[in-house]
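Heads up, the thing below is written out as structure tokens.
The values are calculated or read from the model by the stated rules, or taken from the named source; none is laboratory data. All values derive from a computational prediction rather than experimental measurement. For neighbour counting, all protein chains shown are included, and Cβ atoms are generated from backbone atoms with ideal geometry for every residue, glycine included.
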Amino acid sequence: MLDLSYEPPKPKVIAGAKHDWELVIGMEVHAQVASQAKLFSGASTRFGAEPNSNVSFVDAAMPGMLPVINEFCIEQAVRTGLGLKAQINLVSAFDRKNYFYPDLPQGYQISQLYHPLVGEGEILVDMEPGIARLVRIERIHVEQDAGKSIHDMDPAMSFVDLNRTGVALMEIVSRPDIRGPEEAAAYVTKLRQILRYLCTCDGNMQNGNLRADVNVSVCRPGQYEKYQETQDFSHLGTRCEIKNMNSMRFIQAAIDYEARRQIALLEGGGSVVQETRLYDPDKGETRSMRSKEEAHDYRYFPCPDLLPLEIEQGWVDDIAASLPELPDEKKARFVTEFGLSEYDANVLTAETVNAAYFESVVREAGDGKLAANWVINELFGRLKKEDHGIDESPVTPAQLAGIIRLIKSDAISGKIAKDLFEIVYTEGGDPEVIVEERGMKQVTDTGAIETAVDEIIAANPAQVEKAKQNPKLAGWFVGQVMKATGGKANPKAVNQIVSAKLGL
Amino acid sequence: MSIDIETAARVAKLARIRVDEDDLPQLAHAFNDILGFIEQLNEVDVEGVEPMVSVTPMRLKRRADGVTDGNMADRILSNAPDAREGFFAVPKVVE
């Protein structure tokens with residue numbers, strides 16, 4: 001694989017009243033496995049179903065019901081681990097995390113505390129071309145989601161829907177390697193991109209299929225480097241955990257608020273108490289979840305209903321062999337194979353559908369740079385105007401390739417190409433046929449251009465005099481000729497002929 | 001390990017089981033008896049012995065990823081003390 005070289009970004013520095021502070025951030029991302037059925041039952045995972053209809057007796061924790069693991073969910077977690085270049089543990093085990101809450105009928109969540117399925121990996125978080133942070137992944141474990149409580153339907157009651165209860169989650173835990181709110185959002189963006197490439201999670205944050213808990217602490221400059229050298233957490237500040245955020249904007253706002261809150265506390269002579277906090281997007285602040293404090297005593301123990309999960313190396317190898325080309329590789333290949341800028345390669349590899357579209361265009365039209373330009377600036381720009389995704393594009397890769405071929409062969413000018421694109425976008429049709437039928441071909445016939453130039457010179461004697469004293473005014477004549485020919489004249493030819501006729 | 005009255009009260013609270021103040025000493029005592037009995041296991045030298053998780057050599061049973069269950073909200077809710085509009089209704093949980 002070809003690697004692009006990069007430098008780490010500078011950590012975010014917040015100036016306090018007394019001195020400067022840096023942020024240290026670790027994340028726990030809960031990604032819902034893209035499976036049909038739940039982790040331990042045969043009930044559906046479909047979003048938006050009638051309340052309590054996707055619930056089996058296992059999910060409702062009826063006495064005597066036993067969990068049976070969904071092998072596909074395990075495969076997806078392994079696949080995710082491999083996509084994050086992580087250690088896969090051939091033996092892992094499930095534990096019970098005990099706490100009491102109305103949307104958790106079992107009274108415990110089946111999770112993997114002591115022996116997670118996936119060990120250490122990494123994610124390269126791109127910030128801008130040439131700047132990226134390598135964030136270490138500590139582990140990924142598989143666990144059950146809880147149900148959903150709705151508090152605003154009745155003044156005295158909370159309503160509970162168990163449809164999400166028991167859905168498989170991958171909890172992806174990072175090391176505290178993230179150094180600012182923007183990096184945190186970029187981390188989630190990159191992780192989401194990898195999950196979508198792997199098809200192990202759909203990454204739909206709005207539906208709660210990807211949610212993040214963020215651990216934030218602050219320290220004086222220099223302390224973080226001491227931590228990295230020794231891996232000793234005592235060099236870092238006390239952290240707070242902000243729970244359950246499902247928007248990039250909220251993640252950034254919550255981290256920024258939380259860091260400033262901690263700095264104000266510390267500079268005022270106080271200290272940060274390790275606790276769980278909730279971000280309130282309406283007020284733009286975090287607040288303590290006091291109710292969680294006592295519940296933190298989870299009394300983990302191995303789940304007696306489930307044997308350890310043993311998987312075979314051969315199975316893992318098969319999954320590894322089926323991995324698609326991942327974002328970093330694809331981006332590097334686009335840069336080296338098609339000569340794209342890293343910026344353009346980033347845009348085109350953000351989603352696999354975009355990359356596939358671009359590659360189809362290049363395959364037919366050649367010229368990666370020109371194709372990238374047209375896909376990003378014209379096509380994406382036009383689609384965005386109508387709030388359409390690329391899967392809704394009325395212009396097929398073959399049509400766009402046709403337009404690009406016409407530009408490359410000098411059959412049409414760049415300006416006409418934009419008109420042609422608009423016609424293909426709104427009316428459809430074969431670009432080549434449209435150009436023929438509507439007479440959009442570029443005029444390279446010097447005779448025709450000369451006639452047009454002669455006419456304009458004859459009609460504008462005053463401009464001719466001015467241009468002879470100030471050659472820059474020749475551009476005015478070029479513009480007039482282009483106008484007279486409906487933009488179809490070859491601009492290079494027009495330039496030459498205008499200069500020659502004016503004797504410049 | 002010894003369980004005092006305070007720990008017994010906390011364990012009961014975490015499990016949401018109401019135990020009268022007067023019964024706590026007895027509960028703590030019962031916990032200690034149980035733990036004491038189990039602690040006898042520490043007398044056995046298990047150095048180098050693999051933990052045994054099952055008495056028969058079994059592999060964790062797997063299921064295929066197919067929807068085979070659900071669509072019985074009425075039966076799921078039938079034991080609930082209170083249910084409304086398809087939801088379990090519980091006393092307000094304020095966060």
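Answer yes or no: is there a residue in the range A:354-369 that is among the polar types (S, T, N, Q) and outside any helix (DSSP H, G or I). Please lay out each step first, then the result.
Just the residues of the range A:354-369 that are among the polar types (S, T, N, Q), to begin with: A:354, A:360.
From what's left, outside any helix (DSSP H, G or I): none.
Within the range A:354-369 (the criterion being among the polar types (S, T, N, Q) and outside any helix (DSSP H, G or I)), the answer is no, since none of the residues qualifies.
Restricting the range B:11-31 to residues that are in a helix (DSSP H, G or I) and within 14 Å of chain A (Cβ to nearest Cβ), the residue that is nearest to residue A:108 (Cα to Cα) is B:14. Residues in the range A:384-414 that are touching an Asp or Glu at 6+ places or on another chain (Cβ under 9 Å) and without any contact (Cβ under 8 Å) to a residue 12 or more places away in the chain: A:386, A:392.
Scanning the range B:57-75 for residues that are at the interface with another protein chain (Cβ under 7 Å from one of its Cβ atoms) and not in a loop (DSSP other than H, G, I, E, B) turns up B:62, B:63, B:69, B:73.
Taking the residues in the range A:300-314 that are in contact (Cβ under 8 Å) with a residue 24 or more places away in the chain and not in a loop (DSSP other than H, G, I, E, B) as candidates, determine which candidate is farthest from the other protein chains (Cβ to nearest Cβ).
To start, the set of residues in the range A:300-314 that are in contact (Cβ under 8 Å) with a residue 24 or more places away in the chain comprises A:300-303, A:305-306, A:308-313.
Next cut, not in a loop (DSSP other than H, G, I, E, B) only: A:301-302, A:309-310, A:313.
Values: A:301: 13, A:302: 8, A:309: 5, A:310: 7, A:313: 15 Å.
Looking at residues that are in contact (Cβ under 8 Å) with a residue 24 or more places away in the chain and not in a loop (DSSP other than H, G, I, E, B), I get A:313.
Among the helices (runs of 4 or more DSSP H) confined to the range A:408-504, the ones with at least 3 residues that are over 29 Å from residue A:374 (Cβ atoms) are located at A:446-459, A:461-469, A:474-484, A:491-502. Among the residues of the range A:257-278, is any buried (at least 18 other Cβ atoms within 10 Å of the Cβ) and closer than 30 Å to residue A:389 by Cα? Looking through the range A:257-278, none of the residues is buried (at least 18 other Cβ atoms within 10 Å of the Cβ) and closer than 30 Å to residue A:389 by Cα.
Restricting attention to the range A:272-280, does a residue exist that is over 25 Å from the mean Cα position of the chain (by Cα), over 23 Å from residue A:107 (Cα atoms), free of Cβ contacts under 8 Å to residues at least 60 places away in the same chain and assigned to a strand (DSSP E or B)? Step through it out loud before you land on a result.
So in the range A:272-280, the residues over 25 Å from the mean Cα position of the chain (by Cα) come out as A:272-277.
Narrowing the set further to residues that are over 23 Å from residue A:107 (Cα atoms) leaves A:272-274.
With free of Cβ contacts under 8 Å to residues at least 60 places away in the same chain added as a condition, the list becomes A:272-274.
Now drop any that are not assigned to a strand (DSSP E or B), which leaves none.
No: zero hits.
Would you call residue B:34 out of contact with any Phe, Trp or Tyr (no Cβ under 7 Å at 6 or more places or on another chain), more than 8 Å from chain A (Cβ to nearest Cβ), closer than 29 Å to residue A:66 by Cα and not in a loop (DSSP other than H, G, I, E, B)? Criteria met by residue B:34.
From the list A:93, A:77, the lone residue that is more than 30 Å from the chain's Cα centre (by Cα), within 14 Å of another protein chain (Cβ to nearest Cβ) and in contact (Cβ under 8 Å) with a residue 12 or more places away in the chain is A:93.
Scan A:51, A:102, A:67 and give me the residue that is at pLDDT below 95, within 13 Å of another protein chain (Cβ to nearest Cβ) and assigned to a loop (DSSP other than H, G, I, E, B).
Working: A:51 fails: at pLDDT below 95; A:67 fails: at pLDDT below 95.
Of A:51, A:102, A:67, the one residue that is at pLDDT below 95, within 13 Å of another protein chain (Cβ to nearest Cβ) and assigned to a loop (DSSP other than H, G, I, E, B) is A:102.
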